[in-house]
Amino acid sequence: LFRSLLVSFVLVAAWIGAIVFFQMRGGSTPDMRPTAEGLLAQLSDGDYQGVFEDSSARFKEVTVFDRFEADMKDMAASLGKFIEIAAVNETSLTRGAGGRVARVELQIDYAKGRAPGQLSFLWEDRRWRLLGIVVDLPKQVAEVETSREARKNRSRDREVIDGAIEAMK
């Protein structure tokens with residue numbers, strides 16, 4: 001009886017040890033602040049082509065450069081120049097069939113205010129490459145950018161662009 005009890009405890013301890021080992025083997029999450037700051041500074045300097053070319057293959061598969069450039073120019077016009085990353089709220093690392101993906105939630109200081117954002121990176125060619133970017137407008141900037149006058153100016157700009165495209169046909 002004592003021997004059976006001892007074997008049972010050893011098996012349960014081994015099982016618990018195996019579970020803990022497999023859950024903890026991922027290691028620590030990488031420090032993504034320097035990578036994110038470099039990318040945001042490059043975007044702030046207007047190097048959209050460089051950021052796009054240096055991004056992950058998966059990002060380039062789903063993103064057209066012209067759309068990416070237009071979105072980043074709109075972000076720069078709305079938020080102003082990138083100043084610094086004020087805080088890294090969370091960094092998560094996942095591993096799957098598509099590879100290692102790091103997602104970092106940030107508070108980003110721009111000339112017009114602090115904006116929450118998320119950057120995703122894919123481990124590719126032995127370094128982290130851009131997989132996705134989302135930056136929300138700060139409340140005070142959103143009020144200005146979504147105002148009736150701002151929408152009117154954007155629609156006027158759209159009419160000019162559409163007219164130029166039509167004239168080229």
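The values are calculated or read from the model by the stated rules, or taken from the named source; none is laboratory data. Quick caveat: nothing in here was measured; it's all calculated off a predicted structure. Positions of Cβ are backbone-derived with ideal geometry, glycine not excepted, and every protein chain shown enters the neighbour counts. Calculation scope for accessible area: heavy atoms of the full protein, side chains included, ligands and nucleic acids excluded. Shrake-Rupley method; radii C 1.70, N 1.55, O 1.52, S 1.80 Å.
Note on the stretch 103-155 and the stretch 60-83: Cα centroid distance 9 Å, given to the nearest whole angstrom.
Starting from the Cα of residue 112, draw a straight line to each of the aspartates and glutamates and keep only those under 20 Å, dropping any in the same chain fewer than 8 residues away. Correct list for residue 112: 37, 45, 71, 74, 84, 136, 143, 145, 149. For the chain, the 222 nm mean residue ellipticity estimated from helices alone, with every DSSP H stretch of n ≥ 4 adding -39500 (n - 2.57) and the total spread over all residues, rounds to -17000 deg cm²/dmol. Positive end of the dipole of the chain (Cβ unit charges, origin at the Cα centre): among 12, 68, 48, the Cα lying farthest that way belongs to 12.
Considering only alpha-carbon pairs that sit under 8 angstrom and 6 or more positions apart, the relative contact order computed for the chain is 16 percent.
Using R0 = 22 Å, the C-beta based FRET efficiency linking residue 70 and residue 139 works out to 0.35.
Remark: the stretch 51-123 carries 51 Å² of accessible area per residue (probe radius 1.4 Å; ligands, DNA and RNA excluded). When 114, 127 are compared by accessible surface with a 1.4 Å probe, the order from highest to lowest is 114, 127. Extension gain, residue 147-residue 88: 0.36 nm per intervening residue step, less the Cα-Cα distance, totals 18.2 nm. Gaussian network model of the chain, Cα springs within a sub-10 Å range: biggest mean-square fluctuation belongs to which of 11, 131, 122? In this elastic network of the chain, the residue with the biggest mean-square fluctuation among 11, 131, 122 is 11.
For the stretch 36-108, just say rounded, prolate or oblate: build the C-alpha gyration tensor, square-root its eigenvalues into a ≥ b ≥ c, call rounded for a/c under 1.5, and beyond that prolate if a/b exceeds b/c, oblate if not. It is oblate, given that a/c is not under 1.5 and a/b is not larger than b/c. Whole-Hz Karplus values for the stretch 121-128 come out as 10, 10, 6, 9, 6, 6, 7, 7 Hz, taken residue by residue from phi with 6.51 cos²θ - 1.76 cosθ + 1.60 and θ = phi - 60°; glycine and proline positions read x. Here the extension length gained between residue 60 and residue 100 equals 12.7 nm, from 0.36 nm per residue of separation less the Cα-Cα distance. About its Cα centre, the dipole of the chain is roughly 700 debye, where the only charges are +1 on Lys and Arg Cβ and -1 on Asp and Glu Cβ. Proximity of backbone amide H atoms, modeled 1.01 Å from N, is registered between residue 84 and 109 at under 5 Å, excluding neighbours fewer than 5 places apart on the same chain. Solvent-accessible area of the chain (1.4 angstrom probe, protein heavy atoms only): carbon and sulfur portion equals 56 percent.
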